[in-house]
1. Only one residue in A:LYS100, A:LYS68 is farther than 24 Å from B:ARG110 by Cβ, among the basic types (Lys, Arg) and surrounded by 15 or more Cβ atoms within 10 Å (Cβ to Cβ), so which one is that?
2. Could you list, in sequence order, all residues of segment B:54-70 that are loosely packed, with under 11 Cβ neighbours inside 10 Å and touching a strand residue (DSSP E or B) at 6+ places or on another chain (Cβ under 9 Å)?
3. Out of the residues in segment A:47-58 meeting the condition of being surrounded by fewer than 17 Cβ atoms within 10 Å (Cβ to Cβ) and under 13 Å from the mean Cα position of the chain (by Cα), tell me which one is nearest to A:ALA91 (Cα to Cα).
4. With the requirement that a residue be more than 14 Å from chain A (Cβ to nearest Cβ), of a type in the set (Ser, Thr, Tyr) and crowded, with 20+ Cβ neighbours inside 10 Å, what does segment B:71-114 give you?
5. Would you point out which residue out of A:LEU101, A:LEU89, A:LEU44, A:LEU49 is touching a strand residue (DSSP E or B) at 6+ places or on another chain (Cβ under 6 Å), without any contact (Cβ under 8 Å) to a residue 24 or more places away in the chain and within 11 Å of chain B (Cβ to nearest Cβ)?
6. What single numbered condition from (1) within 15 Å of the chain's Cα centre (by Cα); (2) in a strand (DSSP E or B); (3) closer than 22 Å to A:VAL13 by Cβ; (4) touching a residue at least 60 places away in the same chain (Cβ under 8 Å) fails to hold for A:LEU33?
7. Give the number of residues within segment A:69-86 that are part of a loop (DSSP other than H, G, I, E, B) and touching a strand residue (DSSP E or B) at 6+ places or on another chain (Cβ under 9 Å).
8. Show the residue pairs meeting these rules: Cβ distance below 7 Å; 6+ apart or different chains; first residue within segment B:7-18 and β-branched (Val, Ile, Thr); second residue at pLDDT 95 or above.
Amino acid sequence: KQEVTQIPAALSVPEGENLVLNCSFTDSAIYNLQWFRQDPGKGLTSLLLIQSSQREQTSGRLNASLDKSSGRSTLYIAASQPGDSATYLCAVNPMDSSYKLIFGSGTRLLVRP
Amino acid sequence: SAVISQKPSRDICQRGTSLTIQCQVDSQVTMMFWYRQQPGQSLTLIATANQGSEATYESGFVIDKFPISRPNLTFSTLTVSNMSPEDSSIYLCSVDQGTYNEQFFGPGTRLTVL
């Protein structure tokens, strides 16, 4: 059974710092992996999708990497800003169920001005 | 990417009543998904709604409790029936689009059951 873990559960950093959020999954048979952002009480915003054949994806100050063999993904946020404060969720799309997403529990990020 | 809206955005309901949540997409999609996010928890898939067929429910979720309709390729409803306080959650619909099944989510419906 696929399980997704995110570490740390919460993170507080000063503005301007570069940071890394971690995601690990137990079964490497995945179709893709997505990183989402969720603001309090709101829906999810898709940040990056990495296909299983890719190693990384970049969007602006965000860079996501994928090491499928070791079951790990990282989300790198450069030059963090207070507006980056949110919960970041990773989710894997298992190979045996190409539509279902298995979510991690999220990392709650606070960027202090 | 798809633009998804949900109604209502939030509601407070009494125990034993039912609430129907609507999800509207701005383009035709084959599959729509309903997720639940309990307080302080991550998302769990409730069911997949395909147009023209019955919804497919995940383990732990049943049609009598969460009936779903999918009348066309841009719309779906989820009903939370005979509600109890344990049903207090955010309910989100999503769709997948594109070659690589990227999923997009609606803004969610925050439900509180008293």
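1. That would be A:LYS68, the only listed residue that is farther than 24 Å from B:ARG110 by Cβ, among the basic types (Lys, Arg) and surrounded by 15 or more Cβ atoms within 10 Å (Cβ to Cβ).
2. Across segment B:54-70, the qualifying residue is only B:GLY60.
3. My answer is A:GLU56.
4. Result: B:SER76, single match.
5. The unique qualifying residue is A:LEU49.
6. The single condition A:LEU33 does not satisfy is (3).
7. Qualifying residue count, segment A:69-86: 6.
8. B:ILE12/B:THR112; B:ILE12/B:LEU114; B:THR17/B:MET83
The values are calculated or read from the model by the stated rules, or taken from the named source; none is laboratory data. From a predicted model like this one, the values you see are computed outputs, not experimental measurements. Cβ: placed from backbone, ideal geometry, glycine included. Neighbour counts: every protein chain shown.
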